[in-house]
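Notes follow the structure.
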Amino acid sequence: MDEKPLTDTNDRLKGRLWYPDLGHYMLDFESLLSGKPVPAVDASDMKRVWELTSEAPRPEGAAPGSVSWDMRLIAGQCRLGAGPLAIFFRVALLRPLLESGLLDEWRDGDRPHDVVFQTLATFPLPEGIQNFRADEFADALRKAL
């Protein structure tokens, strides 16, 4: 597999990060906004990224989701060959779901139960996270039990 550098100067100027050519994996943040499918991921990778993002200190007064992450840190929590952006996008869905109360029956404090990670890891996101339906995800969780 030919590897591209983590950041290409021209792409960095455009605000894009690049990763090794991983075939079908999402390669940049434009994928999030494009309506492209978010591939299924491994639940254990999601758990590790959740722990990293949950335990990190937030600047005082920072709104949830306003802290930026270096994708190299995210990739470092994932098994070799995993798609760190797809994992991060799926993990990013958890915080608003927890805050909304939708996951109350599947959590211990701020920690989602394993079934949440397992279900969200493979929950179909054919149009990216833009059209994510929380009610359909809750139904999938109920069926998973």
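Derivation of every value follows stated rules applied to the coordinates shown; laboratory data play no part. Just so it is clear, the model here is predicted, and its values are computed rather than measured. Here the Cβ positions follow ideal geometry from the backbone for every residue, glycine too, while neighbour counts run over all protein chains shown.
In this rough spin-label picture, where each label sits 7 Å from Cα along the Cβ direction, the Val115-Ser44 distance is 2.2 nm. Modelled spin-label separation between Gln130 and Leu52, with each label point placed 7 Å from Cα along the Cα-to-Cβ direction: 2.7 nm. Length gained on full extension, Leu102 to Lys36, computed as 0.36 nm times the residue gap minus the Cα-Cα distance: 21.2 nm.
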